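Worksheet: one structure, shown below.
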Amino acid sequence: MRKFIAFFPSLALLWVTSVAAHGPVRQKVEEKITIHAPAPKVWQAVREFCSLKQWHPMIADCIQEGEVKKGSKRKLILKNGGFIVDELKNYDEQKMAYAYKVDDMSSAKTIVHASQEVAVPVLPVANFAGSLEVKGTGQSTEVIWKGAFYRAYMNNNPPAEMNEEAAVKSVTEFFKIGLDSLKRRLESP
């Protein structure tokens with residue numbers, strides 16, 4: 001019994017240490033916008049996998065491989081010079097929705113963290129999966145853009161450029177800028 005009592009404080013210390021040093025936690029961002037236009041008009045603007053180059057101000061160009069179907073890829077060329085490669089995972093014309101995942105992306109810069117050079121991706125995320133959905137509500141339409149991801153730095157103690165806060169902020173900003181621009185484009189005469 002004495003050995004167990006002597007061992008208990010060590011066990012408690014190990015548990016506290018393991019709880020304090022955790023890895024990345026899955027993050028989610030959902031942005032919605034109401035557009036005063038019928039759903040078919042809104043869907044027509046977003047339905048093509050590369051349509052982002054028409055309405056997202058951060059996208060300079062988009063190169064699509066193949067038709068819009070599961071497995072096709074797009075390479076988004078960003079105005080800041082970076083790129084993001086997405087793979088279409090699901091496409092549903094009837095539900096006016098599609099889902100995708102990020103396959104690859106360029107680095108925005110390199111930093112030194114924990115005495116190592118670390119590449120910071122253009123979006124500081126890892127394992128990103130997203131979806132875009134259009135829902136009609138009469139003469140108005142709601143566009144819902146969702147993303148689920150981890151921070152870019154998968155080890156403990158991430159640098160500020162690659163932590164959860166930076167990841168959520170970047171994705172939220174990317175979604176909001178795009179949706180605001182889509183709304184302006186579709187509601188203008």
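Descriptive notes on the structure:
- Computed on the range 48-122, with alpha-carbon pairs under 8 angstrom and 6+ residues apart, the relative contact order is 20 percent.
- Rough spin-label spacing in nm, given labels placed 7 Å along Cα→Cβ, for residue 112 and residue 30: 4.4 nm
- Alpha carbon Rg of the range 22-187, scaled by the compact-globule rule 2.2 N^0.38 Å: 1.07
- Förster radius 22 Å - calculated FRET efficiency between residue 70 and residue 44, Cβ distance, rounded to 0.05: 0.60
- Of the residues 64, 108, 143, the one whose Cα sits farthest towards the positive end of the charge dipole of the chain is 143 (charges of +1 on Lys and Arg Cβ, -1 on Asp and Glu Cβ, taken about the Cα centre).
- Over the chain, relative contact order from alpha-carbon pairs under 8 Å, at least 6 apart, %: 26 percent
- Per-residue [θ]222 nm for the chain (sum of -39500 (n - 2.57) over DSSP H runs n ≥ 4, rounded to 500): -9500 deg cm²/dmol
- Listing 36, 56, 113 from fewest to most neighbouring C-beta atoms within 10 Å gives 36, 113, 56.
- The spread of Cα positions in the range 148-189, taken along each principal axis and listed from longest to shortest, comes to 51, 17, 9 Å.
Bear in mind these aren't lab numbers, they're just calculated from the coordinates by the rules spelled out. Being a predicted model, the structure only gives us computed values, none of them experimental. Cβ coordinates were reconstructed from backbone atoms using ideal geometry, including for glycine residues, and neighbour counts include every protein chain displayed.
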